[in-house]
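Inspection log for the structure reproduced underneath, given as structure tokens.
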Amino acid sequence: MASMRDIKRRKGSIQSTQQITKAMKLVSTVKLQRAKQNAEKSRDYFRCMYDTVSSILRKTSNLDHKYLKSGETGKKAVIVITSNRGLAGGYNSNVTKLITRGELSGENLAIYAIGKKGKEALQKRYEIRADYSDIIEEPAYADAMAISKEVLEAFSKGEISEIYLAYTAFKNTVVHVPTLLKLLPVEINEKEEVKGEKDGEAEGDGRALMNFEPEDEEALNLLIPKYITSLIYGGMIEAVASENGARMQAMDSATSNAEEMIENLSLLYNRARQGAITQELTEIIAGANAIS
């Protein structure tokens, strides 16, 4: 059994740790409130942007545009959004598992890292094409625009064939969903293709046509970069809210566990103290009996 001094030292160490976890929980709670508001305000816009532009791009496969043609390299770009700090439960590992164990596992990937934890977890297995870890602290639309410009430039040059976004979607304070979203090229599933053919037959053509005003080249040059930028920015906003929610839960669990450990150590300390007192009394009584 540990001595009273060891138990007391251990208890003091856990109490110090508990104070830290309490403080981190409070900080995460405050940050979460602001991040949650931003995520909820912007969510509808980014979902509408994705649905609308995806629908447009599905009907433009006949156009010869630099943002609609896949490169022949087979390399896939993945914009990975994680955090710069740990102590957030499985927040970071859940995102990296989307890549290392998900549908992209074993693929030739070029990683555009937003967040140090994602970069550190993936750099041994994949090429880190760019590191934007600093911007996740205070996400800005201009930063998302810079990332979008670089990724689309590589796509238009044929250096990469597909663009994905890996982030954590924020549903509520306790539910955060790791998400892998394909940005370009837009996929057409069988149901949509059949529906499109039926719509096109009704118009006398093999597919529904998309008319552009101004010309398609100019319209897509404006539309697609804004589409990619908006989704990257939306992903960062939701990721920040998810990070703070995950950290708040992790620190709350750590604080509760520390409280439980302190109670157990207090019980052990009291037992050890009682045992020491009993032993002293026994020695005093034995000494008194020996004298008498």
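Each value in this text was obtained by applying a stated rule to the coordinates, not by laboratory testing. Note that the structure is predicted; figures quoted are calculated from it, not measured. Positions of Cβ are generated from backbone atoms using ideal geometry, with glycine treated the same way; all protein chains shown enter the neighbour counts.
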Residue-ordered couplings for region 84-90, obtained by feeding phi - 60° into the Karplus form 6.51 cos²θ - 1.76 cosθ + 1.60 and rounding to whole Hz (Gly and Pro as x), are 8, 10, x, 6, 10, x, x
Net charge near Lys75 (other residues with Cβ under 15 Å of its Cβ; Lys, Arg +1; Asp, Glu -1) is -1
Residues whose modelled amide H sits under 5 Å from the amide H of Tyr164, counting only those 5 or more places away in sequence or on another chain, are Ala77, Val78, Ile79, Leu183
Among Asn257, Leu87, Ile285, the residue whose Cα sits farthest towards the positive end of the charge dipole of the chain (+1 at Cβ of Lys and Arg, -1 at Cβ of Asp and Glu, taken about the Cα centre) is Ile285
Among (i) 28.2, 114; (ii) 28.7, 120; (iii) 19.0, 61, the entry matching Rg and Dmax of the Cα atoms in Å as calculated here is (ii)
Note, region 103-113: 3J(HN,Hα) by Karplus (6.51, -1.76, 1.60, θ = phi - 60°), whole Hz, Gly/Pro = x, goes 5, 9, 4, x, 7, 7, 10, 10, 9, 9, 8
Longest principal axis of the chain (C-alpha) makes with the long axis of helix 216-291 (C-alpha) an angle, in degrees to the nearest 10, of 10
Taking Cα pairs closer than 8 Å and at least 6 residues apart, the relative contact order of region 42-249 in percent is 30
Here, GluC sites (Glu not before Pro) of region 1-108 satisfying both criteria (DSSP loop; at most 11 other Cβ within 10 Å) are Glu72, Glu103
Quick calc, the chain, dipole around Cα centre from Cβ unit charges on Lys, Arg (+) and Asp, Glu (-), nearest 20 debye, gives 1840
Helix 190-202: inclination vs the chain longest Cα principal axis, degrees, rounded to 10, gives 30
Of the listed links Lys59/Lys171; Lys66/Lys226; Lys11/Lys117; Lys41/Lys119; Lys76/Lys117, those spanning more than 23 angstrom between alpha carbons are Lys59/Lys171; Lys11/Lys117; Lys41/Lys119
Given Cβ charges of +1 for Lys and Arg and -1 for Asp and Glu, the option among Ala121, Thr179, Ala219 whose Cα lies farthest towards the positive end of the dipole of region 42-249 is Ala121
So, over other residues within a Cβ distance under 11 Å of Ser93, counting Lys, Arg +1 and Asp, Glu -1, the net charge is +3
